[in-house]
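Structure, as structure tokens:
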Amino acid sequence: MRLLVTGGLGFIGSNFIHVVLRERPGWSVVNLDAMTYAGNPANCADIEADPHYRFVHGDICDAAAVDGALAGGVDAIVNFAAETHVDRSILDPEAFLRTDILGTHVLLEAVRRHRIPRYVQVSTDEVYGDVESGESKEDDALRPRSPYSASKAGGDMQVLAYWNTFRTPVMITRGSNTYGPYQYPEKLIPLFVTNLLDDEQVPVYGDGMQIRDWLHAEDHARGILHVLEHGELGNVYNIGGGNPRTNMEITTTLVESCGRSMDTHVRHVADREGHDRRYAIDCTKARDIGWAPRVDFEQGLRATIDWYRSNEAWWRPLKSGEFLHYYKRQYAHR
Ligand code: TYD
């Protein structure tokens, strides 16, 4: 199997490439990545010399770059390339529309033109919007509420429209909040862990009683791989960890694991505009084709904290330059 992975220098994409190269001997991966702020060459530095791996620098919105990456022929495309951070989408929505909708369109056209047999769109449970009670199923209406989730929903709509109109061989995965090594330190868990390791405070939005369902990056990667191999074309699959936690529960674990105190290190700040209170997905469909998460949440979270503790050389350079500018814009006024 020859794969084109887009956005493979990002968090979930790089975890996916590592799982594929480790667990599918003989498969090869071309990684097309635009190297935006979240695309980090260090995430794939250990496989640069692997003969089954090739990196191509390029943007999914650029049809010529996509054609170039497909030149050797591929059996499937898995699209991880996206702008992903809700807070950034509130500050600057345009990049989200471009990559998450237009980029998806460019890839779908390439799938048609090159007659690629399979395309997997990596999406998110956030497209269902705020879920007050119960769990979202794949056929539920999409009610995205942030510029980020609306852009991802726009991508999903394009993918399903290509299935309906052209029978383009597509599938969609909708993953829940993901944690693990190599996550850019703007998201809740890596931001809080690295702040705490640095003896800094962590900014909890509002009352911190929002609920997210946490999924380990390797479980997420294996879920996407499972759908690629066993999913039915034209279908959507929810991939969730089954670990619903409030942000305060997560914060308490992180603060205690880093040896800090809630009194001195937690700061409740102004809530995110339009903040979704709860996400929850029903993953029966993915389980019915044989996928299940393997990583125990408490163990996975402890291992993740240890990873950031032992890999300061990975995250320290990221918390400088562009990041500090963003951090100030995002948090200074709160
Ligand atoms: P995040 O990691 O940004 O993921 P998402 O918004 O896609 O779920 O945030 C997870 C939760 O943590 C969300 O409810 C917002 C909250 N949060 C904070 O309270 N403070 C922060 O500084 C960040 C980044 C997130």
Of all residues in the stretch 274-294 being open to solvent by less than 20 Å² (accessible area, probe 1.4 Å) and within 16 Å of the ligand (Cβ to nearest atom), the one that is farthest from Thr173 (Cα to Cα):
Asp276
Out of the residues in the stretch 18-44 meeting the condition of being closer than 12 Å to Gly8 by Cα and of a type in the set (Gly, Ala, Ser), tell me which one is surrounded by the fewest Cβ atoms within 10 Å (Cβ to Cβ).
Ala42
For the stretch 170-189, check the following and say yes or no: at least one residue is touching a helix residue (DSSP H, G or I) at 6+ places or on another chain (Cβ under 9 Å), farther than 18 Å from Thr124 by Cβ and within 12 Å of the ligand (Cβ to nearest atom).
yes
Can you report the number of residues in the stretch 117-141 which are farther than 17 Å from Gln210 by Cα, among the hydrophobic types (A, V, I, L, M, F, W, C), open to solvent by 10 Å² or more (accessible area, probe 1.4 Å) and in contact (Cβ under 8 Å) with a residue 60 or more places away in the chain?
1
Trp291 passes all but one of the listed conditions (1) aromatic (Phe, Trp, Tyr); (2) over 14 Å from Leu215 (Cβ atoms); (3) touching a helix residue (DSSP H, G or I) at 6+ places or on another chain (Cβ under 8 Å); the exception is number (2)
Name, by its number, the condition in (1) without any contact (Cβ under 8 Å) to a residue 40 or more places away in the chain; (2) touching a strand residue (DSSP E or B) at 6+ places or on another chain (Cβ under 9 Å); (3) open to solvent by 20 Å² or more (accessible area, probe 1.4 Å) that does not hold for Asp59.
(1)
I need a count of the residues in the stretch 201-217 that are part of a loop (DSSP other than H, G, I, E, B) and either without any contact (Cβ under 8 Å) to a residue 12 or more places away in the chain or of a type in the set (A, V, I, L, M, F, W, C) (or both).
2
What number of residues within the stretch 200-217 satisfy the criterion of being near the ligand (Cβ under 10 Å from one of its atoms) and under 21 Å from Gln121 (Cβ atoms)?
1
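Could you identify the single residue in Gln121, Gln158 that is more than 16 Å from the ligand (Cβ to nearest atom) and under 14 Å from the mean Cα position of the chain (by Cα)?
Only one candidate qualifies: Gln121.
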Considering only the stretch 218-273, how many residues are within 16 Å of the ligand (Cβ to nearest atom), touching a residue at least 60 places away in the same chain (Cβ under 8 Å), open to solvent by less than 50 Å² (accessible area, probe 1.4 Å) and in a loop (DSSP other than H, G, I, E, B)?
4
Scanning the stretch 310-334 for residues that are in contact with a Ser or Thr (Cβ under 7 Å, 6 or more places away or on another chain) and in a loop (DSSP other than H, G, I, E, B) gives Lys319
Residues that are under 22 Å from the mean Cα position of the chain (by Cα), modelled with pLDDT under 95 and surrounded by fewer than 16 Cβ atoms within 10 Å (Cβ to Cβ): does the stretch 322-332 have at least one?
yes
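The values are calculated or read from the model by the stated rules, or taken from the named source; none is laboratory data. Source: prediction; values computed, not measured. In this analysis, Cβ positions are derived from the backbone assuming ideal geometry, glycine residues included, and neighbour counts consider all displayed protein chains. We work out accessible area using only protein heavy atoms, side chains counted, and drop any ligands, DNA or RNA first. Shrake-Rupley method; radii C 1.70, N 1.55, O 1.52, S 1.80 Å.
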